[in-house]
Amino acid sequence: MLWTNSKSYLGRGVMRVAGVENTVSGTARGNVVQAGSIGTLHIHSSPPGNVVPQQLPPAPRLFVSRSEELTELDRWHADEERQLLVVISGPGGVGKTSLALRWLHGARDRFPDGQLYVDLGAHADTPAQPDEVLEWFLGALGVEVPPPSLAQRQALFRSLTADRAFSILLDNAASAAQVRPLLPASPCCAVVVTSRWRLSPLGVDGARFVEVDPMDVGDSVELLEQVVGEPRLAEEADAARELARLCGGLPIALGVIGARLSRRPRRTLAKEVDELRTETSRLASLDLDDSTSTTRPRSAPSSTSPMWTCRHARRGSTA
Ligand SMILES: Nc1ncnc2c1ncn2[C@@H]1O[C@H](COP(=O)(O)OP(=O)(O)OP(=O)(O)O)[C@@H](O)[C@H]1O
Ligand SMILES: [Mg+2]
């Protein structure tokens, strides 16, 4: 005989149902079923779908400019009745991920069911496969054992996100084909994709496109000011503008140079300009520009400045 009574219960203690007294040992959270005798017992974990994942990396602590892009994202989200799908593209280090994080953190309240994040690894040796990513997402949604096939994982992912409002950041996407299987069906979700590629084929999926350009000199100087301090830049305004130009408007480069100046409080900006010019001409002669790479979708911002490349920035950041 099985007593079917169940009580919502939190803690330890004694339950009395229909004259029978049972003692609950240990701590129970949720429903406790009081049973007489039981034949075979199957225990199922609670159904997934009530987990609120918060996977977004932190918002950038320092953030300047990009107000037009942020306004556009806000407007699209407000206007879009379907699911918002946005591709943010631009050269390496221009600030695509930072822009996405800035907007998604600011819009957090609009996605009460949570945020999902994955680095799709376009620049890694092996970019992430959609079935692996879906396993990751399903895990974040409480699924302990994902179904085996890609189609089953997609179907379960769509079921669990249906009519719910998640924001999803697919960072460093390699192709439209890598992104498509990861799109939920819910119109309440927003998916932001970043890529050095434009991923134009996603236009047929209704994507909106933001191309992030290098910063202009004014914004570049503002970024340097935030890192180095305004008084020091004001003392050498011309050198500051020249540094901004040499960095090609790339925030990653401006951050590296700013950090270098901060570590050396007595160094003049003019000295930094001289050194950077020497370094860049030496590196240019070594042909280190990433724009020669076959995997690079767009050239480095050579129209703004040929002086700084992504790889150069990485060298600087480890120096
Ligand atoms: N608007 C901004 N204000 C201040 N700093 C920024 C801004 N955008 C980017 N940065 C800084 O520049 C660096 C590179 O930014 P980010 O990682 O967003 O570039 P990315 O375009 O995503 O590069 P990648 O193609 O390599 O992924 C980071 O250190 C970031 O903090
Ligand atoms: Mg990025």
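Across the stretch 126-149, which residue is most open to solvent (accessible area, probe 1.4 Å) among those that are acidic (Asp, Glu) and assigned to a helix (DSSP H, G or I)?
Checked the stretch 126-149; the qualifying residue most open to solvent (accessible area, probe 1.4 Å) is GLU132.
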Out of curiosity, is VAL51 of a type in the set (A, V, I, L, M), outside any helix (DSSP H, G or I), over 30 Å from VAL221 (Cβ atoms) and more than 17 Å from the chain's Cα centre (by Cα)?
yes
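I need a count of the residues in the stretch 210-236 that are within 16 Å of ligand 2 (Cβ to nearest atom) and either more than 17 Å from GLY258 (Cβ to Cβ) or open to solvent by less than 20 Å² (accessible area, probe 1.4 Å) (or both).
Within the stretch 210-236, residues that are within 16 Å of ligand 2 (Cβ to nearest atom) and either more than 17 Å from GLY258 (Cβ to Cβ) or open to solvent by less than 20 Å² (accessible area, probe 1.4 Å) (or both) number 5.
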For the stretch 106-119, state whether one or more residues are over 28 Å from LEU223 (Cα atoms), in contact with a helix residue (DSSP H, G or I) (Cβ under 6 Å, 6 or more places away or on another chain) and buried (at least 17 other Cβ atoms within 10 Å of the Cβ).
yes
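Condition check ((1) modelled with pLDDT under 95; (2) part of a strand (DSSP E or B); (3) under 24 Å from ALA162 (Cα atoms); (4) within 12 Å of ligand 2 (Cβ to nearest atom)) across all residues:
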| residue | (1), (2), (3), (4) |
| --- | --- |
| PHE63 | no, no, no, no |
| GLU68 | no, no, no, no |
| LEU73 | no, no, yes, no |
| TRP76 | no, no, yes, no |
| VAL87 | no, yes, yes, no |
| LEU104 | no, no, yes, no |
| ALA124 | yes, no, no, no |
From the option list SER98, SER149, single residue qualifying as more than 15 Å from ligand 1 (Cβ to nearest atom), among the polar types (S, T, N, Q) and not assigned by TED's automatic domain parsing to the domain that holds ILE252 is SER149
Could you tell me which of the residues ASP125, ASP79, ASP131 is more than 20 Å from VAL179 (Cβ to Cβ) and assigned by TED's automatic domain parsing to the domain that holds GLY203?
ASP79
Some residue of the stretch 247-264 being within 16 Å of ligand 2 (Cβ to nearest atom) and hydroxyl-bearing (Ser, Thr, Tyr)
no
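Yes/no per residue for (1) assigned to a helix (DSSP H, G or I); (2) surrounded by 19 or more Cβ atoms within 10 Å (Cβ to Cβ); (3) of a type in the set (D, E, K, R); (4) modelled with pLDDT under 95:
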| position | (1), (2), (3), (4) |
| --- | --- |
| ALA239 | yes, no, no, no |
| ARG277 | yes, no, yes, yes |
| ARG296 | no, no, yes, yes |
| HIS312 | yes, yes, no, yes |
Expected single match for within 16 Å of ligand 1 (Cβ to nearest atom) and among the hydroxyl-bearing types (Ser, Thr, Tyr) among SER195, SER186 is SER195
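The values are calculated or read from the model by the stated rules, or taken from the named source; none is laboratory data. Only a predicted model underlies this, so the values are computations on that prediction, with no experimental measurement involved. Here the Cβ is made from the backbone with ideal geometry for all residues, glycine too, and neighbour counts use every protein chain on show. What goes into the accessible areas is simple: the full protein's heavy atoms, side chains included, and nothing from ligands, DNA or RNA. Shrake-Rupley method; radii C 1.70, N 1.55, O 1.52, S 1.80 Å.
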